[in-house]
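This report concerns only the one structure given below.
The values are calculated or read from the model by the stated rules, or taken from the named source; none is laboratory data. Every value quoted in this text rests on a predicted model; they were computed, and no experiment measured them. Here the Cβ positions follow ideal geometry from the backbone for every residue, glycine too, while neighbour counts run over all protein chains shown.
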Amino acid sequence: MEEALLSYENARACAQQALQICLRGDLHDANALLLRTYTALRRLSGELSIVQHGTAQAPFTTRSFAEAQAWGWFEIASGIYQLQQNYPGASLVHFKKAWRIWRFWDTCTTEKQQQLEAARERIRASFWLGEAWSRTSSDRAARAAQAILNTALTTARRIGAHDILQETLQQQQLLPPAFPGTPAYKTAGPVSPYICQFMTP
């Protein structure tokens, strides 16, 4: 069990490193590290199993909190990798997975520290999920992004996750400009995270 824990911790650290490399724009190196991380996670736990099939909010179930941390960070890093390549549709898949991983622990664990971390990480996933929606050209992109981001902001204020918000804002400013015709598109000026539209001074 201790060996598996260390492996999950290593996988989480690799995913976090891949995220930072990706934000620097070194996509080749980031992709290589993500592939190694995914291979390690598959070796440890296989594919994540889904419980409550047929529901829109179906969570992914992980057997330990360390496993959730590793898979959660892997999915966030993978989603950011897709956004850096201007593939918001592909990024949605990863951010939704991260959200569902953390929803399971946010609602099912009785350990207060784990529950708080899960709630904070679900907020992080929501911030990225909303940004990804805002960069798609779907008819419901603006509505989906607004609903997700407003809910995440409310929850962040309630549990005091201001640091998660600030960190995500700094990271999202490093993304490439959104495509024309999407809610996040700006005709001029630097990249501004879509969530800024819903933040009160």
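Note on region 89-100: among residues that are in contact (Cβ under 8 Å) with a residue 24 or more places away in the chain and over 11 Å from Ile76 (Cα atoms), the one that is surrounded by the fewest Cβ atoms within 10 Å (Cβ to Cβ) is Gly89. For region 34-60, the tally of residues that are at pLDDT 50 or above and either part of a strand (DSSP E or B) or among the hydroxyl-bearing types (Ser, Thr, Tyr) (or both) stands at 6. Determine, yes or no, whether Gln146 is of a type in the set (S, T, N, Q), part of a helix (DSSP H, G or I), under 14 Å from the mean Cα position of the chain (by Cα) and surrounded by 12 or more Cβ atoms within 10 Å (Cβ to Cβ). So Gln146 fails the test. Of all residues in region 155-201, those satisfying the criterion of being among the β-branched types (Val, Ile, Thr) and surrounded by 11 or more Cβ atoms within 10 Å (Cβ to Cβ) are Thr155, Ile159, Ile164, Thr168, Thr182, Val191, Ile195. Are there any pairs, at least 6 apart or on different chains, whose C-beta atoms fall under 6 Å, with the first in region 182-196 and modelled with pLDDT of 90 or more and the second of a type in the set (Lys, Arg) and surrounded by 10 or more Cβ atoms within 10 Å (Cβ to Cβ), and if so, which? Close Cβ pairs (under 6 Å, with a partner that is of a type in the set (Lys, Arg) and surrounded by 10 or more Cβ atoms within 10 Å (Cβ to Cβ)) amount to Thr182/Arg135; Ala184/Arg135. Within the option set Gln82, Gln114, being in a helix (DSSP H, G or I), under 22 Å from Asp26 (Cα atoms), free of Cβ contacts under 8 Å to residues at least 60 places away in the same chain and not aliphatic (A, V, I, L, M) holds for one residue only, Gln82.
Yes or no, residue by residue, for (1) over 23 Å from Thr37 (Cβ atoms); (2) at pLDDT below 95:
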residue	(1), (2)
Phe74	no, no
Leu83	no, no
Gly89	no, no
Leu92	no, no
Phe104	no, yes
Thr110	yes, yes
Asn150	yes, no
Thr168	no, no
